[in-house]
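Undergrad: My questions will all concern the structure given below.
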Amino acid sequence: MTDRFVALRLFVRVARSGSFSRAGRELGFSQPSASRIVSELEREVGVALLTRTTRAVTLTEAGVDYLARIEALLDALDEADHAARGSGELRGVLRVGVAASFGVRELIPRLPAFAERHPALRIELLMNDQRQDLVNDGVDVALRFGELADSVATARRLGATPRLLVASPDYLARGGVPQAPADLADHRFIAGPVGPGPRGIAMTLDGRTLVVRVQSRLMVTVNEGATAAAVAGLGIAMSGHWGCRAELDAGRLQQVLPAWDLGKTELHAVFPAGRAAKPAARALGEFIAAALADPS
């Protein structure tokens, strides 16, 4: 790779991270070297691309347009390199946005097999229960649950997890095991990101659907917290199976009303709009889809 391409990649990382020191660490440069290389790039281009203050590094108006064009070129270069090698080997950095619970429980345990296939690929996991801005945060692929917001971003369905009602054996011993959906009205509920919704819980059995209203005594903003609250005996929680499978297998949680279907939550790989997905991002999506289809 020429010095110009090094400078371009460094500029992209500075623009996305807002930090010369962080971008330098990612690409193997000191903070002063990173600043010097980008300054030389600006002199070659003939315009300021970044505004530097003691608190932040931000893009100028010219820098915003330059970044969009350069990222498209660099992505095309990565694609060309990948095709030319013809071996399937992936290189560079892959930035993955993923909810913390799914990342810890399902993605990371499977990741060694993917990393072993692609030893020259560096993977960064941005584990955050808030949805990242793919473009501003420099995310190459985000793993997202639920309905996708209207967007020009492209997405691929990776799988789905059934929604379950779960509670601890201790809670059920104290409060009784619900035998029918109507019994849920007498129980404490933990409201988490999976549910229940504002109208209640939609449950289907033998083609008949009921919507049951429940009272939430505790609200938790992340699924991992809702699962922990259920294990602690604070009430009944709704969770995707992936979010509580370990606790069910260990007997720390029990499924409530298992005959009733609460639907599924879909998982998608979402790629940034406006440019082709990186080969590594597509490869990770394919890997996860295959891994989830084969739970063994």
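Undergrad: Can you name the number of the only condition in (1) under 21 Å from ALA277 (Cα atoms); (2) buried (at least 20 other Cβ atoms within 10 Å of the Cβ); (3) over 29 Å from the mean Cα position of the chain (by Cα) that ALA84 fails?
TA: (2)
Undergrad: (1) more than 26 Å from the chain's Cα centre (by Cα); (2) crowded, with 20+ Cβ neighbours inside 10 Å; (3) among the basic types (Lys, Arg): which one isn't true of ARG13, the others all being true?
TA: Failing condition for ARG13: (1).
Undergrad: Is there a residue being modelled with pLDDT of 95 or more and of a type in the set (Phe, Trp, Tyr) anywhere in the range 145-160?
TA: Looking through the range 145-160, none of the residues is modelled with pLDDT of 95 or more and of a type in the set (Phe, Trp, Tyr).
Matching residues to (1) in a strand (DSSP E or B); (2) aliphatic (A, V, I, L, M); (3) out of contact with any helix residue (DSSP H, G or I) (no Cβ under 6 Å at 6 or more places or on another chain):
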residue	(1), (2), (3)
MET203	yes, yes, no
THR209	yes, no, yes
ALA230	no, yes, yes
LEU234	no, yes, yes
THR265	yes, no, yes
ALA269	yes, yes, no
LEU284	no, yes, yes
LEU292	no, yes, yes
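Undergrad: Could you run through the range 163-213 and say how many residues are under 25 Å from GLY146 (Cβ atoms), at pLDDT 90 or above and of a type in the set (A, V, I, L, M)?
TA: Number satisfying all stated conditions: 14.
Undergrad: Continuing with this model, one more query. Would you check if there is a residue in the range 143-153 being in contact with a Phe, Trp or Tyr (Cβ under 7 Å, 6 or more places away or on another chain) and outside any strand (DSSP E or B)?
TA: There is at least one residue in the range 143-153 that is in contact with a Phe, Trp or Tyr (Cβ under 7 Å, 6 or more places away or on another chain) and outside any strand (DSSP E or B).
The values are calculated or read from the model by the stated rules, or taken from the named source; none is laboratory data. The shown structure was predicted, so the numbers you read here are calculated from the model rather than taken from an experiment. Cβ: placed from backbone, ideal geometry, glycine included. Neighbour counts: every protein chain shown.
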